[in-house]
1. Tell me which residues, restricted to the stretch 153-171, are of a type in the set (S, T, Y) and either at pLDDT 85 or above or in a strand (DSSP E or B) (or both).
2. Starting from the stretch 6-17, keep only residues that are part of a loop (DSSP other than H, G, I, E, B), then list their pairs with residues that are surrounded by 13 or more Cβ atoms within 10 Å (Cβ to Cβ) whose Cβ atoms are within a distance under 6 Å, requiring at least 6 positions of separation or different chains.
3. Which residue, of V69, V150, V117, V76, is open to solvent by 40 Å² or more (accessible area, probe 1.4 Å) and modelled with pLDDT of 85 or more?
4. Any chance the stretch 137-152 includes a residue that's assigned to a strand (DSSP E or B), in contact (Cβ under 8 Å) with a residue 24 or more places away in the chain, touching a Gly at 6+ places or on another chain (Cβ under 8 Å) and more than 30 Å from A11 (Cα to Cα)?
5. Please go through the stretch 11-27 and pick out each residue that is open to solvent by less than 70 Å² (accessible area, probe 1.4 Å) and either modelled with pLDDT of 90 or more or among the aliphatic types (A, V, I, L, M) (or both).
6. Would you check which residues across the stretch 96-105 are open to solvent by 40 Å² or more (accessible area, probe 1.4 Å) and either in contact with a helix residue (DSSP H, G or I) (Cβ under 6 Å, 6 or more places away or on another chain) or in contact (Cβ under 8 Å) with a residue 60 or more places away in the chain (or both) and list them?
7. What are the residues in the stretch 121-136 that are over 12 Å from V161 (Cβ atoms) and touching a residue at least 24 places away in the same chain (Cβ under 8 Å), if any?
Amino acid sequence: MTRRSRRILPATLTALALLAVSVVVAVSAVQLALGETPLLSYEAVAGRLHDTTWSSREVAVAGWVVAVVGVLLFLVAVVPGRARTAALDQHTAVSLRGLRNAVRLAAHVDGVESAAVKASRRRVKAVVRTRRSVADGLGDTVRAAVENRVGEFAFARPPQVVVRVKELRSTP
């Protein structure tokens, strides 16, 4: 199970554009039905369209704009988004955010001031910071703790664990 990112922005923009057109048409139709002057005059629109020829610049520009927007919306729909989960088995998965948080907590072993973690389906990278002047063995300790925590998830394909230790400079 691989969850992909949602396409909220293009869907929202398309829905808002269609809603705006629908509202203008509906308001104009109600105004015509009530015998009032419509917001968008049918005669003005029909006259403008009737006077426009297929070879006019406005038709070409409108055609290109509609074509470009259509291609962009098609590409947004077809191209897959980033995976948000990592597979545990065939039917279950863990969110990458949950994995990142669990690994960050596991990386806080004795001597670690802070930990930053990046998690993907293939790799978990932990960068830990320490104030120790000698950080020998700290990377191995953090790696063991992170690998133990990653092992608890029982991934179908366990991610590679990469640990980097940075020494914080103390200011005198």
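The values are calculated or read from the model by the stated rules, or taken from the named source; none is laboratory data. Because the structure is predicted, anything quoted here is derived from the model rather than measured. As a convention, Cβ positions derive from the backbone with ideal geometry for all residues, glycine included, and neighbour counts pool all protein chains shown. Note: accessible area is taken over every heavy atom of the protein model, side chains too, but ligands, DNA and RNA are not part of it. Shrake-Rupley method; radii C 1.70, N 1.55, O 1.52, S 1.80 Å.
1. Within the stretch 153-171, the first condition is being of a type in the set (S, T, Y), and the residues that meet it are 170-171.
Of everything in the stretch 153-171, nothing turns out to be of a type in the set (S, T, Y) and either at pLDDT 85 or above or in a strand (DSSP E or B) (or both).
2. So the pair list comes out as R7/V76.
3. Values: V150 fails: open to solvent by 40 Å² or more (accessible area, probe 1.4 Å); V117 fails: open to solvent by 40 Å² or more (accessible area, probe 1.4 Å); V76 fails: modelled with pLDDT of 85 or more.
Checking each option against the conditions leaves just V69.
4. Of the stretch 137-152, the ones assigned to a strand (DSSP E or B) are none.
No, every residue in the stretch 137-152 fails to be assigned to a strand (DSSP E or B), in contact (Cβ under 8 Å) with a residue 24 or more places away in the chain, touching a Gly at 6+ places or on another chain (Cβ under 8 Å) and more than 30 Å from A11 (Cα to Cα).
5. Within the stretch 11-27, the first condition is being open to solvent by less than 70 Å² (accessible area, probe 1.4 Å), and the residues that meet it are 11-12, 14-15, 17, 20, 22, 24, 26-27.
Of everything in the stretch 11-27, those that are open to solvent by less than 70 Å² (accessible area, probe 1.4 Å) and either modelled with pLDDT of 90 or more or among the aliphatic types (A, V, I, L, M) (or both) turn out to be A11, A15, A17, A20, S22, V24, A26, V27.
6. We begin by selecting, within the stretch 96-105, every residue open to solvent by 40 Å² or more (accessible area, probe 1.4 Å); these are 97, 100-101, 104-105.
Passing the criteria: none in range.
7. Of the residues in the stretch 121-136, the ones over 12 Å from V161 (Cβ atoms) are 121, 127-136.
R121, V127, V128, R129, T130, R131, R132, S133, A135 - these are the residues of the stretch 121-136 that are over 12 Å from V161 (Cβ atoms) and touching a residue at least 24 places away in the same chain (Cβ under 8 Å).
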